[in-house]
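The values are calculated or read from the model by the stated rules, or taken from the named source; none is laboratory data. These numbers were taken from a predicted model, which means no experiment stands behind them. In this analysis, Cβ positions are derived from the backbone assuming ideal geometry, glycine residues included, and neighbour counts consider all displayed protein chains.
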Amino acid sequence: MTYPVIQHGQCMLAVNEVEHGYIWSESFRPLILDSINKLMQSYEGTLNFNKVILKYIDAVDLDEISPHDFISQNLQTRILNDYPIAGKFLDTQLVQAFELEDSSIMRLSIATGKNNKTQKKVVIWTTEVEKNKSLNLDEIYWWIDHAHTHTSDMFKRMLNPEYYASLDR
């Protein structure tokens, strides 16, 4: 698959990019806006937007470190069972939701699993902001920047500064 991938279907428009082509101000934001504009131009009349979501998915393969240690050390989040577990640990999923000042909902999800390509243990964290409200085009443009600011701030705050500095950005 070649990125970016733009998908359009009934009641949805998705713009997907991977880390190699992701630079918010230079490529991803303009790609989102261009995709929305092309969608608007392809329809006669007015399109109604009732929901917008900006979602980032980050993942890292683990070598020597356990998933819980990685999450604790690098994502500055502790997942602790204060009771004996029922069996062998397989996976974790933690989901938190926060209401922002504009009534958008920010969600943070941290999960563990296995990379199907490398067969290594993996930690995946998803940061997203969602707005369920009818928005006009100007409001969508404003909201995209607003949502990006919140997801970017959350990403920077949650990562251990040493780990954040080690990322290839």
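A count restricted to the stretch 141-169 and to residues that are surrounded by fewer than 17 Cβ atoms within 10 Å (Cβ to Cβ) and under 22 Å from S35 (Cα atoms) stands at 5. Out of curiosity, is L108 in the same structural domain as N160 (by TED's automatic domain parsing), part of a strand (DSSP E or B), aliphatic (A, V, I, L, M) and touching a Ser or Thr at 6+ places or on another chain (Cβ under 9 Å)? Criteria met by L108.
The set of residues in the stretch 8-48 being loosely packed, with under 12 Cβ neighbours inside 10 Å, at pLDDT 85 or above and among the acidic types (D, E) consists of E26 alone. Assess whether E139 counts as being within 14 Å of the chain's Cα centre (by Cα) and under 26 Å from M40 (Cβ atoms). No: the conditions fail for E139.
When each of I110, I85 is tested for being over 28 Å from P30 (Cβ atoms), free of Cβ contacts under 8 Å to residues at least 40 places away in the same chain and in contact with a helix residue (DSSP H, G or I) (Cβ under 9 Å, 6 or more places away or on another chain), the lone residue that passes is I110. Residues in the stretch 102-133 that are farther than 23 Å from L159 by Cα and not small (G, A, S): D102, N116, K117, T118, Q119, K131, N132, K133. Somewhere in the stretch 119-130, is a residue surrounded by fewer than 15 Cβ atoms within 10 Å (Cβ to Cβ) and either of a type in the set (D, E) or under 18 Å from the mean Cα position of the chain (by Cα) (or both)? Looking for residues that are surrounded by fewer than 15 Cβ atoms within 10 Å (Cβ to Cβ) and either of a type in the set (D, E) or under 18 Å from the mean Cα position of the chain (by Cα) (or both), one finds none in the stretch 119-130, hence no. Only one entry of D168, D58 meets the criterion of being in a loop (DSSP other than H, G, I, E, B), at pLDDT below 95, within 20 Å of the chain's Cα centre (by Cα) and under 23 Å from W24 (Cβ atoms), and that entry is D168.
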